[in-house]
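Okay, structure first, notes after.
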Amino acid sequence: MTDPVTQRSLDFIASCNDPKQLRQIAQNAGKQSNQEVQQAARLRLYAVLPSEEPGTQEYDVWQSIHALEDTLTTKRGKTTRLARTRQKIERDKEVTTVSNLVRKRPREGFHLLIERSLPELTFEAVAPRHPERFASDVLDAAAVRLETIGYMGERRA
């Protein structure tokens, strides 16, 4: 059972749309070793940061990018942006960028998100949620990679 203070925090997080507040809550929860609140605040942060329409493939891609940037920032102790990935998206759009990365061997970002228990935020998990947007070889590569870590994510028709 969740204690009342944690439950109030979780309730607030669920309705919060302010990235600055969510970052602060996650940071404070980390200092207090409250993993449940910290994880909830970070997941909500990744949900509110993308400017794209929720449910779209573009939204899912940007949610993944924000999660990985936050993970790298936390790991390195300084703000980290995925400059090359952002440039590639600007140039080639989200589908091509995700396709190219999923076809290659897993990168550091994939492993970091898995270590942080966020397999649903990997590009490999984004592709199967939007099968109409990706080539079959990309979907197959994503499925194989996700199966190797034991993740059977959602698939949208």
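No lab work stands behind these numbers, since they all come straight from the coordinates. Computed from a prediction, not measured in an experiment: that's the story for all the values here. Please note: Cβ atoms are built from the backbone with ideal geometry, for glycine as well, and neighbour counts cover all protein chains shown.
Between 0 and 90 degrees, rounded to the nearest ten: what's the tilt of helix 136-148 against the longest Cα principal axis of the chain? Computed tilt is about 50 degrees.
Quick one: net charge around residue 84, please, counting Lys, Arg +1 and Asp, Glu -1 for every other residue with C-beta under 14 Å from its C-beta. Don't skip to the end; give the middle numbers.
Working: positive: 81, 86, 88, 91, 104, 107; negative: 69, 90, 92, 108.
Once positives and negatives cancel, what remains is +2.
The sum of -39500 (n - 2.57) across all DSSP H runs of n ≥ 4, divided by the residue count of the chain, sets its helix-only mean residue ellipticity at 222 nm to -22000 deg cm²/dmol.
Would you please classify the overall shape of the range 1-48 from the alpha carbon gyration tensor, given that a ≥ b ≥ c denote the square roots of the eigenvalues, rounded means a/c under 1.5, and beyond that prolate means a/b larger than b/c while oblate covers the rest? Oblate, since a/c reaches 1.5 and b/c is not below a/b. Between helix 35-48 and the chain there is an angle of about 50 degrees, using the helix long axis and the longest principal axis of the Cα atoms. Taken along the Cα-to-beta-carbon direction at a fixed 7 Å, the label points for residue 96 and residue 79 span 2.9 nm.
Full extension of the chain segment joining residue 35 with residue 11 gains 7.1 nm, where the gain is 0.36 nm per residue of separation less the Cα-Cα distance. Report the net charge of residues surrounding residue 114, where surrounding means a beta-carbon distance below 12 angstrom and charges are Lys +1, Arg +1, Asp -1, Glu -1. The answer is -1.
May I ask which of 20/78; 20/104; 20/88; 78/104 have a Cα-Cα span longer than 23 Å here?
In this structure, 20/104; 20/88; 78/104 exceed 23 Å between Cα atoms.
For the chain, the C-alpha radius of gyration sits at 1.07 times the compact-globule guess of 2.2 N^0.38 Å, with N the residue count. Tell me the net charge near residue 38. Cut-off is 14 Å between Cβ atoms, residue 38 excluded, with +1 for each Lys or Arg and -1 for each Asp or Glu. Here the count lands on +3.
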